[in-house]
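Accompanying notes for the structure given below.
The values are calculated or read from the model by the stated rules, or taken from the named source; none is laboratory data. Keep in mind it's a predicted model, so treat the numbers as computed, not measured. All Cβ positions, even for glycine, are placed from backbone atoms using ideal geometry, and neighbour counts span all protein chains on display. Note: areas computed on protein heavy atoms with side chains; ligands, DNA, RNA excluded. Shrake-Rupley method; radii C 1.70, N 1.55, O 1.52, S 1.80 Å.
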Amino acid sequence: MTSQNLRYKKYARKCAKDFNFLTRLYQLYALRIIFIPFASLFYKFKISGNRFALKNTPCIVASNHISYFDPFIVRWASRRNLAFMAKKELFDESNYIAKNISRLGAFPVNREKLEVSTIKTVKEVFKAGWNLCIFPQGGIRKNKKIENINKGFVVISKMVNADILPVSISGLEKYNWNIFKKAVVTVKVGEPISSSLSDEEIILCWRKQVADMSGYELAD
């Protein structure tokens, strides 16, 4: 078994106890001490919407994906403890990277198929009373289109009986490093989507809300 496979196996399976006070502290440190001060040098963030929806009920926070900053932005906008489903390739880079993104509450997933380890870890996330962040488009999409939706977030929503909170991010299609001319990043939190709806209704509702909030094209 290769070192990448061993690393994936090590970090893919997490228990409820792994989503604890230290994980929350690590997230807040990375967000408030590192990300916000750094990103605020180059960007002006406008966050609005129904940020307190489902506040007392563990849910799935589902956002479009346009940059590597998105996990921090979603954590900031949603104001809640989040575990993150991350592509397994991120954990293949090095053990240092794998260890630190794991500390942030992330765990690797195979984007080609929903594996048993992923299902078990997701259940442990909700057992711990945490929320799950998913990017239904899979990888980063900078073309200002809401398309190529992976159905996995719907399957998980029904599996754990958790409603979905849609989030849109726009303005980060290109990175800005000009400290004298800040780019505007708009983040909006939408209305909850019930897990009791049909698969097609959930996907349609998420796509429409994110497209409307971001101003992106609703593509087939």
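So is Ala86 aliphatic (A, V, I, L, M), touching a Phe, Trp or Tyr at 6+ places or on another chain (Cβ under 8 Å), over 19 Å from Arg24 (Cα atoms) and open to solvent by less than 40 Å² (accessible area, probe 1.4 Å) or not? Give the derivation first.
Details: aliphatic (A, V, I, L, M): yes; touching a Phe, Trp or Tyr at 6+ places or on another chain (Cβ under 8 Å): yes; over 19 Å from Arg24 (Cα atoms): no; open to solvent by less than 40 Å² (accessible area, probe 1.4 Å): yes.
So Ala86 does not fit the description; no.
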Among residues of the range 131-156 being open to solvent by 10 Å² or more (accessible area, probe 1.4 Å), within 15 Å of the chain's Cα centre (by Cα) and hydrophobic (A, V, I, L, M, F, W, C), the residue farthest from Ser194 (Cα to Cα) is Ile140
Only one residue in Arg13, Arg79, Arg24, Arg75 is within 15 Å of Leu165 (Cβ to Cβ) and surrounded by fewer than 18 Cβ atoms within 10 Å (Cβ to Cβ). Which one?
Arg79
Where the second residue is in a helix (DSSP H, G or I) and not hydroxyl-bearing (Ser, Thr, Tyr) and the first is closer than 13 Å to Ile101 by Cβ and lies in the range 10-26, which pairs have Cβ atoms under 7 Å and are six or more apart or on separate chains?
Tyr11/Phe91; Tyr11/Ala98; Lys14/Glu124; Thr23/Arg103; Tyr26/Arg103
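Within the range 198-219, is there a residue that is touching an Asp or Glu at 6+ places or on another chain (Cβ under 6 Å), open to solvent by less than 30 Å² (accessible area, probe 1.4 Å) and not charged (D, E, K, R)? Spell out how you get there, then give the answer.
First, the residues of the range 198-219 that are touching an Asp or Glu at 6+ places or on another chain (Cβ under 6 Å): 219.
From what's left, open to solvent by less than 30 Å² (accessible area, probe 1.4 Å): 219.
Now drop any that are not not charged (D, E, K, R), which leaves 219.
Checked against the condition, which is being touching an Asp or Glu at 6+ places or on another chain (Cβ under 6 Å), open to solvent by less than 30 Å² (accessible area, probe 1.4 Å) and not charged (D, E, K, R), the range 198-219 yields at least one hit.
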Could you run through the range 205-220 and say how many residues are under 19 Å from the mean Cα position of the chain (by Cα) and over 18 Å from Val185 (Cα atoms)?
4
Considering only residues that are open to solvent by 10 Å² or more (accessible area, probe 1.4 Å) and among the aromatic types (Phe, Trp, Tyr), look in the range 36-69 and name the one that is farthest from Leu204 (Cα to Cα).
Phe38
Of the numbered conditions (1) modelled with pLDDT of 95 or more; (2) of a type in the set (Gly, Ala, Ser); (3) touching a Pro at 6+ places or on another chain (Cβ under 7 Å), Ala86 satisfies every one except a single condition; which is it?
(1)
